[in-house]
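Here the structure comes first, spelled out in structure tokens, and everything after it is commentary.
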Amino acid sequence: MKSLFAASLALLTSTSALADVRVDFDEGAPVDRFTILNTGTCPLSDATVTIDLGGSAGRLIFDVTATGAGVEVFQPFRVVAGGGALSALPVVSDGDRAVALAIRSLAPGERVAFTIDVDDTTSARGIMVAGSEIDGAMVRVEAGEGSAEGRFGEDSAATVPLSACTS
């Protein structure tokens, strides 16, 4: 009985290595920033990280050109950190609600960051995005044969818990 109890306790208190991903949104003027961080303990390889603003409270869009769906100021997609982790750059069109980044490899603690303009389509001040407006936007991580999702909260962050490391 003691050995069964000890084995059960060890299983409950052990921690498995994870490849969790956190995405932070930082509102800025004139440019906004998204940071994708591997907060887990194993690398994230051959994955796609999709940021989908479609479900956001502010019905957010990407504003990347002077003409089109955006309001006043625009900023194109630009990688500002961790570009070597990407296997390709996405194409983002004005008014898009989603962007998918192809991750070649992202080690624990490493990040990819990009700047872009995000506009809200529900208020008169569409060029500024508050945390409550990104609330409900989604992040999906597809790696291997699985995928997982997380949602942005009013803190402008989304966490995607992934399964245990396979290597």
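Bear in mind that the values in this text are calculations on the coordinates, not laboratory data. None of these values were measured; they are calculated from a predicted model.
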For residue 77, other-chain or 5+-apart residues with amide H closer than 5 Å (H placed, Pro excluded) are none
Any residue on another chain or 5+ positions along whose placed amide H is under 5 Å from the amide H of residue 110 is listed here as 38
